[in-house]
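Contents: one structure, followed by commentary.
Since every read-out is calculated from the coordinates, none of them should be taken as a lab result. Remember, it's a predicted structure, so these values are computed and weren't measured experimentally. So basically every Cβ, Gly included, is an ideal-geometry build from the backbone, and we count neighbours across all protein chains shown.
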Amino acid sequence: MGASTKVALVTGAAQGIGAAVARALSGDAMIVALDTKAEGLSALVAELRARGARAEAIVADVSDSAAVEAAVERIERDLGPISVLVNVAGVLRVGPVVSFSDEDWAATFAVNTHGVFHVSRAVARRMVPRKEGVIVTVGSNAAGMPRMNMAAYAASKAATTLFTKCLGLELARHGIRCNVVSPGSTDTDMQRSLWTDEHGANAVIAGAPEAFRVGIPLRRIATPDDIAEAVLFLVSERARHITLHDLCVDGGATLGV
């Protein structure tokens, strides 16, 4: 389908990986960028339109089930059927388990896990009767590798990864594919929030034995575009026989585990 008929919904699109995914998909789809950050969405939509792409912004919180259902209904009614969903919205709250608050735990799962459920369910309900569509969830390599002070984030991403695979199993009979892209350390605001100085990238690449964390064998931090390219592949016809897959894009940081 061409840009006039395909609608791609990208959550967490106001910045970082979400914005990169929106840009990557904009050549072949109308982009609906969803986020809680109105200013970032406006800038992205203006940029995409300046390039000749079709784009719309929706300010909504994926953790709010009713808001998600209303947003998806509006998209389908006013813009067209959603052919592609990319779940990118996510939050990171760090700290030791013994001092981690109930609020931080709940907030992490509200976006990273419940949000993916809310959006995927709303979109899948509409894809099933059409018997076509692609869903990609951006997870994390932390979903399969213990991380110091990141229990909530890792657990939420692990839950999201298996949820997406279960969803893919249920939807396969309808011709709908569901996959996961799991980034490692990527140069985003979220990643930079973990750095203590201007040498943060070098420290991540080198690894931290005291935190039981290996470095990055490819000796570089990923860019948001690196992750977007993996998403672009999985939503394309080149990946038409790939579903229930978790594509790790981390420069070898998890050693292929």
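Checked against (1) more than 17 Å from Leu9 (Cα to Cα); (2) in contact with a strand residue (DSSP E or B) (Cβ under 8 Å, 6 or more places away or on another chain), Asn179 passes all but condition (1).
In summary, Arg147 fulfils each of the numbered conditions (1) in a loop (DSSP other than H, G, I, E, B); (2) of a type outside the set (Phe, Trp, Tyr); (3) within 21 Å of Ile242 (Cα to Cα) with the single exception of condition (3). Within the range 123-134, the only residue that satisfies the criterion of being more than 17 Å from the chain's Cα centre (by Cα) and either within 12 Å of Val68 (Cβ to Cβ) or surrounded by 24 or more Cβ atoms within 10 Å (Cβ to Cβ) (or both) is Arg125. Do the conditions hold for Ser120, that is, is it buried (at least 20 other Cβ atoms within 10 Å of the Cβ), in contact with a Leu (Cβ under 8 Å, 6 or more places away or on another chain) and over 19 Å from Gly16 (Cα atoms)? Here the answer is yes, as Ser120 does meet what is asked. Of the residues screened, Val45 is not one that is hydrophobic (A, V, I, L, M, F, W, C), closer than 20 Å to His118 by Cβ and either crowded, with 17+ Cβ neighbours inside 10 Å or in contact (Cβ under 8 Å) with a residue 40 or more places away in the chain (or both). Taking helices (runs of 4 or more DSSP H) as the structural unit, those lying wholly within the range 180-257 and holding at least 2 residues that are among the β-branched types (Val, Ile, Thr) and buried (at least 19 other Cβ atoms within 10 Å of the Cβ) correspond to 224-235.
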